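Presented below is the structure to which this report refers.
The values are calculated or read from the model by the stated rules, or taken from the named source; none is laboratory data. What you see is a predicted model; the values in this text were computed from it and never measured. Using ideal geometry, Cβ is built from the backbone for each residue, glycine included, and neighbour counts are taken over all protein chains shown.
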Amino acid sequence: MPAQRIERLRRFLPVATLAVLVLIVGALQPEFLNPDTLLDLASDTAVLFVLASGVSFVILTGGIDLSIQAMASLASVIVALTVDRLGYASFVAAVAAGALSGWLGGLAHVRLKIPSFVATLAVGGVLAGTALVVSHQHSITLGATQRAYIGWITGPWLGIPREVIIGALLLFFADTVQRRTPFGRYIAAIGAGEAAAYASGVKVGRQKVVAFVISGAFAAFAGVMLAGRLASGSPTLANEQLLPAIAAVVVGGTAITGGVGSIWRTLVGALIISVVRTGMTFIGVDIFAQEILFGAVLVFAVAVTIDRSKIPVVK
Amino acid sequence: MNGAALPVLALRHVGKRFPGVQALRDVTMELRPGEVVGLVGENGAGKSTLMRILAGVYQPDDGEILLSGRPIRLAGAADAMRHGIGMVFQEQSLLLNLSVGENIYLGNEAAFTRYGRIEWHALYAAAARQLAKVEVGVDARTRTADLDFATRQMVELAKALTLEEAASGHLVILLDEPTSVLEQTEINILFARVRALKSRAAFIFVSHRLDEVLALSDRVYVMKDGAVVAELPAAGADVRHLHSLMVGRDLRAEYYRESLQRPPRTDVVLAAESLGRAGAYRDVSFALHAGEVLGIAGVIGSGREEVTRTIAGFLPHDAGRLTVFGQERRFSSPAEAVDCGIGYLPRERRTEGLVLFLSVAANITLASLGRLRRHFLLDPAAEARVARDWVARLGVRTPGIDAICLNLSGGNQQKVVLAKWLNARAKILILDHPTRGLDVGAKEEVYELIRSVTGEGIAVLLTSDTMEETIGLSHRIIVMRDGVVTHRADAPPGGKPTQLDLIEHMV
């Protein structure tokens, strides 16, 4: 049946796209394919992937979290300001702040029945403002003693960049939560058919809030990683990360309308975005001009991944 | 009867199939100028499918539609309207945030547009003329939300009459259950208007209130199982006769597996005492026993739907007591009802019953994932085992447990919903129109399953599309009208009440 073939095509399209992109960039710039460049690419992808896998949970429920970029920046500021006093606990504090902001955004969405894009847009504004205020609008560079605490984030370990190892651990964790826990099943059910999930006794509101908590905590973790890589915290550190993160989720084949998707797909999507980014830099495209392409890619990916016959009205 | 006049609208051997169901077969009927034709039948008889075909929503698979003698194809609702077919539906199509005039000309503003802007004066003047046709004395600039329901219905009628100017030829107006939410005086006004408008249009009137159909119509078509089974002049017909034509089939006891109906146990699993919910029902009392099927009969608006939804956890009661397994309960969400061992098989199978885009296995385990958890993680092997087991036990015909439910037939979807609750070990099943949209064979399978689960001690609260089904399946029946219980009847095998016994308490 052609419908099934289209469905199968849809599923393998992201992986095929990734392979083709790697080959194209490799053909243009053979040095791209040497292992060191690829490892660099992987470590550059890690932050984007962590950001994207968190928001994947919310997107699976059919919602969206627009506060992740602001949360990541704020987390970097929290680390930079507190690592002196708290040491390693500053990382925990940052991630806890992420979970808290996700919880508040989730409650605003579920309890006050505000559409998630509005609720998280507002939360994002609050977080961005907070980061600017507490940092006095400055980027805070970590001193030598403080840098001792960020060694676990950067540099190679047994020849592998630590970002890649952290990313892999989070991949394993997020994938397990998504595929193997009742929560993972519930959010897929909510995304694919909220009314049926509700009638089946699923505590829909609670599951959604948990998804936002995960998204916030992952965003904060991404901010911690950024702070570690750049040895600084800044209220604008993660700017221009929101669009690529959501693009990564959708390019990987997770439906923006919810119900269908996985963390592995988000990984593929994040790699695609990363390869495109690196490829463009290789070719010499202005870094700000890249946003133009990500915007276009997002629209294209949503258009390809949604089966419009199943969705009569899109708002 | 004016036999010489050319029918305004005629259907010739019209048929319509849906996956697994023949919704209409060989339907032939005609509508003459200035005539009101009544269309009656039980739910599932094919009335709404027929109306949707006439409204251009569905296209027939067989047969043809003739408009003033010419065959036509209606490609959509807008196309039907262009051909002079208007509709007044039970679910009103008016947008409440717009004014009455805006609603009347919604989608047809072009007639009043000059240089890209709407000339509101012209539009409202025209709307006022339409309102005058139905003798509604409201200002066309009134916000629709500020009108009462009956007036809105008149506005709908006025909107349909705008086709007079737009369409060539004779006007046909479909009235689909227009009275179901109106008071008697409002109904009288609506009927008076319809009679007065007969010179302008011919009407097809669908209603489950048979007395109204007889009062308003000139002729009546009776439908059953997708076919027209009788056509008769309204004058001289009576409700009883019409009803027996609708039901048609001789009541075959075995259709409902009556020989498998066992006496219920004595233990009460659920009891309602003077249960009430403002605006829906009041003072409703009954006891449900293990192994019993308790049917609730009543028409739309009787309150039985709301009682069902209360027990399923959707609409909390605000008066009286609800006791489930000896504990007083008040459910504020379905999750709480599920925790008490209640499973709800909704009439909206495709939206509330199943997550259509999840697999058969995921749907079967959705209400009981907690049991498949080992060290926080789901055990995929155990899930597959459970799903395969239920698929085999209930005879679900599916390509596999990983197939998504979207592609299953209605009957098999219903079995998956049932499997979900049986796997969740529900002790009380609320069956809300369990055989809606199923064909005869699938219905019988569902009946058999109902007998089999009640045999194991599960209690069933049943609301059904047809009286026949309610009577055939139930041990006991309560009848509701206008939010209160009006009658109670025992229905043991061999001693079932007749439909007429119950219907007098329903309407």
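Residue count for region B:403-427, restricted to those that are surrounded by 21 or more Cβ atoms within 10 Å (Cβ to Cβ), within 13 Å of chain A (Cβ to nearest Cβ) and outside any helix (DSSP H, G or I): 2. Within the option set A:A238, A:A220, A:A196, A:A192, being touching a residue at least 12 places away in the same chain (Cβ under 8 Å), surrounded by 24 or more Cβ atoms within 10 Å (Cβ to Cβ) and farther than 30 Å from A:H138 by Cβ holds for one residue only, A:A192.
Residues of region B:293-339 that are modelled with pLDDT of 95 or more, part of a loop (DSSP other than H, G, I, E, B), away from chain A (no Cβ under 14 Å) and surrounded by 23 or more Cβ atoms within 10 Å (Cβ to Cβ): B:H317 alone. Highlighted here are the strands (runs of 3 or more DSSP E) found entirely within region B:1-81 that include at least 2 residues which are without any contact (Cβ under 8 Å) to a residue 60 or more places away in the chain: B:9-18, B:62-67, B:70-72.
Residue by residue, here is whether (1) part of a loop (DSSP other than H, G, I, E, B); (2) within 14 Å of another protein chain (Cβ to nearest Cβ); (3) within 16 Å of A:F221 (Cβ to Cβ) holds:
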position	(1), (2), (3)
A:N239	yes, no, no
A:I246	no, no, no
A:A255	yes, yes, no
A:V260	yes, yes, no
A:W264	no, no, no
A:L267	no, no, yes
A:I272	no, no, no
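Can you find, within region B:344-371, the residue that is farthest from B:Q413 (Cα to Cα) among those that are polar (S, T, N, Q), more than 7 Å from every other protein chain (Cβ to nearest Cβ) and part of a helix (DSSP H, G or I)? Only one residue fits best here, namely B:S368. When B:M467 is tested against (1) of a type in the set (A, V, I, L, M); (2) crowded, with 23+ Cβ neighbours inside 10 Å; (3) at pLDDT 90 or above, exactly one condition is not met: (3). Scanning region B:360-389 for residues that are in contact with a Ser or Thr (Cβ under 9 Å, 6 or more places away or on another chain) and in contact (Cβ under 8 Å) with a residue 12 or more places away in the chain turns up B:V360, B:N363, B:L366, B:A367, B:L372, B:E383, B:V386, B:A387.
Within region B:350-359, track down each residue that is under 14 Å from B:W421 (Cβ atoms) and free of Cβ contacts under 8 Å to residues at least 12 places away in the same chain.
Our first condition is that a residue be under 14 Å from B:W421 (Cβ atoms); within region B:350-359, this holds for B:352-354.
Within region B:350-359, B:E352 is the sole residue that qualifies.
For B:G495, only one of the following conditions fails: (1) under 30 Å from B:A384 (Cβ atoms); (2) free of Cβ contacts under 8 Å to residues at least 12 places away in the same chain. What is its number? Among (1) under 30 Å from B:A384 (Cβ atoms); (2) free of Cβ contacts under 8 Å to residues at least 12 places away in the same chain, the lone unmet condition for B:G495 is (1).
Screening A:G193 against (1) closer than 30 Å to B:A424 by Cα; (2) part of a loop (DSSP other than H, G, I, E, B) leaves a single unmet condition, (2).
State all residues of region A:10-36 that are out of contact with any Gly (no Cβ under 6 Å at 6 or more places or on another chain) and either of a type in the set (F, W, Y) or without any contact (Cβ under 8 Å) to a residue 12 or more places away in the chain (or both); if no residue qualifies, say none.
A:F12, A:A16, A:A19, A:V20, A:L23, A:G26, A:A27, A:P30, A:E31, A:N34, A:P35, A:D36
Before we move on, is A:T145 part of a loop (DSSP other than H, G, I, E, B) and either touching a residue at least 12 places away in the same chain (Cβ under 8 Å) or farther than 22 Å from A:V47 by Cβ (or both)?
On the way: part of a loop (DSSP other than H, G, I, E, B): no; either touching a residue at least 12 places away in the same chain (Cβ under 8 Å) or farther than 22 Å from A:V47 by Cβ (or both): yes.
When the stated conditions are applied, A:T145 does not pass them.
Can you say whether A:V95 is under 23 Å from A:Q137 (Cα atoms) and among the β-branched types (V, I, T), as far as the supplied structure shows? Criteria met by A:V95.
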